[in-house]
Amino acid sequence: MKKSPAKLPHQPLDHRPVHVTYRLAGSLPKAALKTISARHEACKAELEIKAKTHPGILQSGVYASELFSLNARYELDIDEALHTIASGPFYLQDSDLAHEIIDSWLFLQKESAVYVYAVCVMGNHVHALIRAPDGLDTVDIGALMNRHKAHTARVCNKLIGKTGTQFWEHFYFDRTVHRGKFERVMWYVLNNPVKSRLVEDWQDWAGTYLNPDFEALFC
């Protein structure tokens, strides 16, 4: 059976920043997702052929670098589609729900389960920039996301009167931020509502959280 490109491998959180994105269930039409996934699979197949015909790229690190870029492109394609889609649920436009998402991350940080750099809650998806907290070498990101999504799904479904229904899409993306790319990724997260022309300044978006440790850099 062909592996779904949505099921990208997840690495434990360590002390490198990780950009996590996740979305509401049903937030993308199946046709749009199928098109994006098919393009991703085709590019991966080309890379696999290249690796077989030029085995040296495996040892040189070129394969890993190109695969990282392919996976990043897949995530960006999903994100761009989420910004342009006109249908589907947009529950997170409700400021009460957006605050529940942010509060959940801050609770996990208070419990020393994670360190949160920034969170941006859009109408149908969420961006979070996180790492393992001080005192822990690694964190199981799958367990962390399950805890966060289970809690917020329960609370948000209660707020919108849809208790018992699927709130989040099962999959999520997580990508380690390479050295020297931190500020670029942070700006990407913070500027999501600006990119969507919802506000002119990211600080005007109620669904955004920035860790106070970084206010001097980004405010």
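Residues of the stretch 93-128 being more than 21 Å from Trp187 (Cβ to Cβ) and touching a Cys at 6+ places or on another chain (Cβ under 8 Å), which ones?
If the condition is that a residue be more than 21 Å from Trp187 (Cβ to Cβ) and touching a Cys at 6+ places or on another chain (Cβ under 8 Å), then Leu97, Glu100 are the ones that fit.
Could you tell me how many of the residues in the stretch 103-128 are over 19 Å from Leu92 (Cα atoms) and open to solvent by less than 10 Å² (accessible area, probe 1.4 Å)?
3
Within the stretch 129-143, work out how many residues are open to solvent by 10 Å² or more (accessible area, probe 1.4 Å) and within 15 Å of the chain's Cα centre (by Cα).
2
So in the stretch 64-82, with the set limited to residues that are out of contact with any strand residue (DSSP E or B) (no Cβ under 9 Å at 6 or more places or on another chain) and open to solvent by less than 60 Å² (accessible area, probe 1.4 Å), which one is nearest to Cys156 (Cα to Cα)? Quick ask: steps written out before the conclusion?
Just the residues of the stretch 64-82 that are out of contact with any strand residue (DSSP E or B) (no Cβ under 9 Å at 6 or more places or on another chain), to begin with: 64-67, 69-70, 73, 76-77, 80-81.
With open to solvent by less than 60 Å² (accessible area, probe 1.4 Å) added as a condition, the list becomes 67, 70, 76-77, 81.
Values: Leu67: 36, Leu70: 33, Leu76: 26, Asp77: 27, Ala81: 23 Å.
Of everything passing the filter in the stretch 64-82, Ala81 is nearest to Cys156 (Cα to Cα).
When the stretch 1-42 is examined, which residues are found to be of a type in the set (S, T, N, Q), at pLDDT 75 or above and open to solvent by 30 Å² or more (accessible area, probe 1.4 Å)?
Passing the criteria: Gln11, Thr35.
Can you tell me which condition Ala45 does not meet? The list is (1) within 29 Å of Ile130 (Cβ to Cβ); (2) among the aliphatic types (A, V, I, L, M); (3) surrounded by fewer than 17 Cβ atoms within 10 Å (Cβ to Cβ), and all the others hold.
It fails just one condition, (1).
Need a quick list: helices (runs of 4 or more DSSP H) entirely within the stretch 163-219 having at least 3 residues that are surrounded by fewer than 17 Cβ atoms within 10 Å (Cβ to Cβ).
The qualifying helices (runs of 4 or more DSSP H) are 182-190, 215-218.
The values are calculated or read from the model by the stated rules, or taken from the named source; none is laboratory data. From a predicted model like this one, the values you see are computed outputs, not experimental measurements. Neighbour counts run over all protein chains shown; Cβ positions are idealised from the backbone, glycine included. Side chains included, ligands, DNA and RNA excluded: accessible areas come from the protein's heavy atoms. Shrake-Rupley method; radii C 1.70, N 1.55, O 1.52, S 1.80 Å.
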